[in-house]
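As structure tokens, the structure follows; a few thoughts come after it.
The values are calculated or read from the model by the stated rules, or taken from the named source; none is laboratory data. These figures come from a predicted structure and were not determined experimentally. In this analysis, Cβ positions are derived from the backbone assuming ideal geometry, glycine residues included, and neighbour counts consider all displayed protein chains.
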Amino acid sequence: LELEARLRVALAQGHLQLYYQPQVDIATGRLVGAEALVRWIDPEEGVISPGRFIPVAESSGVIGQLGQWVIREACQQGQRWRDADLPEITLAVNISPRQFHLTDVAGCAAQALADSGFPPRCLEFELTETALAERPEEARQVLLRLQQLGLRTAVDDFGTGYSSLSYLKRYPIDVLKIDQGFIRDIPHNADDMAISAAIIAMGHSLGLQVLAEGVETAEQLAFLRERGCDAYQGYLYSRPLPAPEFTALLQQQA
Ligand code: G
Ligand code: G
Ligand code: MN
Ligand code: NA
């Protein structure tokens, strides 16, 4: 069977799982959120990376169903943590460009929030610059709808896409996620340090929160703290974790 057909089967048979990568407030050191990252656990092949199957889901249109499953699963898991009286966190979900333009992501969010009881303020949608740059007026309408619902919105992989910065002014956005490519070579690459510092300063001037991705070393974290970056995620704190392991981490903080 080709990958697309196998992916449909995996969705139907419950072989997809969400992993959760902690997001940490730099000033307090507290766990404040998690990015949900989908994994395909194939009974024979083991873990199949989203880097391999998300592009197939996008080109085949399966992303509609898959994306809907991710949103619903994240809301249900988030509400289970709330029901267990664990500290409140934000759950960030990746929305791919095709999913953003071809499916009703706001309607899907509204339904998933209503069905689960998870509060909109705890759900964040991560969009790429590419998704926002394509049909910008339509994108703005979707973002406005998400804002009306009370969701948070983040620009993922910030700094790597083709887009004009003016959209930051026109769109309701809450968070900029500095792409891990700008973090990787800190403190050895002066250009990357200048770019990261500029993103933090610009984000703050526009009233946005800034989160750094792919933080792997204490030096990188120290640099980000010095520049006033709000939050980070990366292997320094934790890899993406299956829900039971993430639960244990949240319990330590309760
Ligand atoms: O660990 P990582 O291998 O999880 O993810 C690889 C890529 O797959 C990243 O670009 C990430 O944004 C994307 N990805 C992971 N989970 C999802 C998801 O649920 N939906 C979408 N659209 N992309 C995802
Ligand atoms: O495209 P997006 O930013 O959603 O993808 C996040 C990707 O980055 C996932 O594949 C995730 O597993 C990976 N990731 C998370 N933390 C780190 C890190 O500290 N280092 C590296 N190299 N990758 C990371
Ligand atoms: Mn992401
Ligand atoms: Na990213």
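Overview of results
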{"read-out": "Any chance residue 88 is surrounded by fewer than 21 Cβ atoms within 10 Å (Cβ to Cβ), acidic (Asp, Glu), at negative phi and at pLDDT below 95", "value": "no"}
{"read-out": "Qualifying position, being within 15 Å of ligand 1 (Cβ to nearest atom), outside any strand (DSSP E or B) and within 27 Å of residue 122 (Cβ to Cβ), among 21, 65", "value": "65"}
{"read-out": "Index of the failed condition, residue 181 passing every other in (1) within 16 Å of ligand 3 (Cβ to nearest atom); (2) over 18 Å from the mean Cα position of the chain (by Cα)", "value": "(2)"}
{"read-out": "Pick from the range 224-248, criterion under 26 Å from residue 204 (Cβ atoms) and crowded, with 20+ Cβ neighbours inside 10 Å, ranking: farthest from ligand 2 (Cβ to nearest atom)", "value": "230"}
{"read-out": "In the range 198-223, residue nearest to ligand 1 (Cβ to nearest atom) [restricted to those that are over 22 Å from residue 127 (Cβ atoms) and surrounded by 17 or more Cβ atoms within 10 Å (Cβ to Cβ)]", "value": "220"}
{"read-out": "Hits in the range 68-107 - residues which are within 14 Å of ligand 1 (Cβ to nearest atom), closer than 24 Å to residue 209 by Cβ and not in a helix (DSSP H, G or I)", "value": "91, 92, 93, 94, 95, 96"}
{"read-out": "Within the range 33-51, tally of residues that are assigned to a loop (DSSP other than H, G, I, E, B), over 19 Å from the mean Cα position of the chain (by Cα) and either touching a residue at least 24 places away in the same chain (Cβ under 8 Å) or surrounded by 11 or more Cβ atoms within 10 Å (Cβ to Cβ) (or both)", "value": "1"}
{"read-out": "Every pair of residues 6+ apart whose Cβ atoms lie under 6 Å, when the first sits in the range 143-161 and is charged (D, E, K, R) while the second is within 12 Å of ligand 1 (Cβ to nearest atom)", "value": "156/126; 156/128; 156/177; 157/128; 157/179"}
{"read-out": "Any hit, the range 182-195, residues being at pLDDT 95 or above, closer than 19 Å to residue 72 by Cβ and aromatic (Phe, Trp, Tyr)", "value": "no"}
{"read-out": "Meets criteria (without any contact (Cβ under 8 Å) to a residue 40 or more places away in the chain, surrounded by fewer than 19 Cβ atoms within 10 Å (Cβ to Cβ) and either acidic (Asp, Glu) or under 21 Å from residue 152 (Cα atoms) (or both)) for residue 4", "value": "no"}
{"read-out": "Where a residue in the range 183-211 is more than 23 Å from residue 153 (Cβ to Cβ) and its partner, wherever it lies, is crowded, with 17+ Cβ neighbours inside 10 Å and acidic (Asp, Glu), with Cβ under 9 Å and at least six apart", "value": "184/192; 185/192; 186/192"}
{"read-out": "Subset tally (residues that are away from ligand 3 (no atom under 13 Å from the Cβ) and not in a loop (DSSP other than H, G, I, E, B)) for the range 143-178", "value": "12"}
{"read-out": "From the options 225, 239, residue that is farther than 16 Å from residue 129 by Cα and not in a loop (DSSP other than H, G, I, E, B)", "value": "225"}
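Residue-wise test of (1) aromatic (Phe, Trp, Tyr); (2) out of contact with any strand residue (DSSP E or B) (no Cβ under 6 Å at 6 or more places or on another chain); (3) over 23 Å from residue 223 (Cα atoms); (4) more than 16 Å from ligand 4 (Cβ to nearest atom).
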residue: 122; (1), (2), (3), (4): no, no, yes, yes
residue: 137; (1), (2), (3), (4): no, yes, yes, yes
residue: 141; (1), (2), (3), (4): no, yes, yes, yes
residue: 168; (1), (2), (3), (4): no, yes, yes, yes
residue: 182; (1), (2), (3), (4): yes, yes, no, no
residue: 194; (1), (2), (3), (4): no, yes, no, yes
